[in-house]
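Step one of this worksheet: look at the structure below.
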Amino acid sequence: MAAGLCTATLVLASCGDDGGRRYAVPDRVCGVEINADTLAPLLPDGKEITERQFDVGSERFSCTLSVDSDFSLSVKGDLLTVDADPFKSADRSMRLGGDSRPSPSALERGALIRDSLAVAVKPCRYEDSAWKYAVLAELAGSNQSPEDSAERGLALSRFADDFVPAAVQAQGCA
């Protein structure tokens, strides 16, 4: 195992070989407690789920979830200065189809939800100064869930609505 990389195989629940989901949906992502019901729609059927957490510093987090070794979800968070604009990032801008400005979404202002991507930015206070925290959740892999893109966007919005406030608090940014 490489330094700074942690892999955990989460609880398995299996009987027979009839397909479907045979693993327990985790109630933590990147070390942040969540409602597993908001994560479940984003994960495909399979036998085993694995989370990999990457050591990216104390003010950031990064992890991936894979189902049966197929990359399914990436979640990243980063503490930003007040004047930083995460929507201008070339990497994120390409994934957003060239839309480099946030637009209103089901989550709230300061978030952008697309077919397989959610970016949310929350203002917060960190060490007695004004900051903002950006969270990126991205679906990937050959078996995206839900299959319908509108349902996927709604499921991502629900996940972000649950995950983002908990992640911001867990990072010490209130």
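Checked against the criterion of being at pLDDT below 95, farther than 15 Å from residue 72 by Cβ, open to solvent by 70 Å² or more (accessible area, probe 1.4 Å) and not in a loop (DSSP other than H, G, I, E, B), the candidates 6, 15 yield just one match: 6. Residue check: is residue 74 hydroxyl-bearing (Ser, Thr, Tyr), in a strand (DSSP E or B) and in contact (Cβ under 8 Å) with a residue 40 or more places away in the chain? The answer is yes for residue 74. Taken together, the residues in segment 111-143 that are in a loop (DSSP other than H, G, I, E, B) and touching a strand residue (DSSP E or B) at 6+ places or on another chain (Cβ under 8 Å) amount to 5.
The values are calculated or read from the model by the stated rules, or taken from the named source; none is laboratory data. Computed from a predicted structure; not experimentally measured. Here the Cβ is made from the backbone with ideal geometry for all residues, glycine too, and neighbour counts use every protein chain on show. Just the protein is used for accessible areas: all its heavy atoms, side chains included, with ligands, DNA and RNA removed. Shrake-Rupley method; radii C 1.70, N 1.55, O 1.52, S 1.80 Å.
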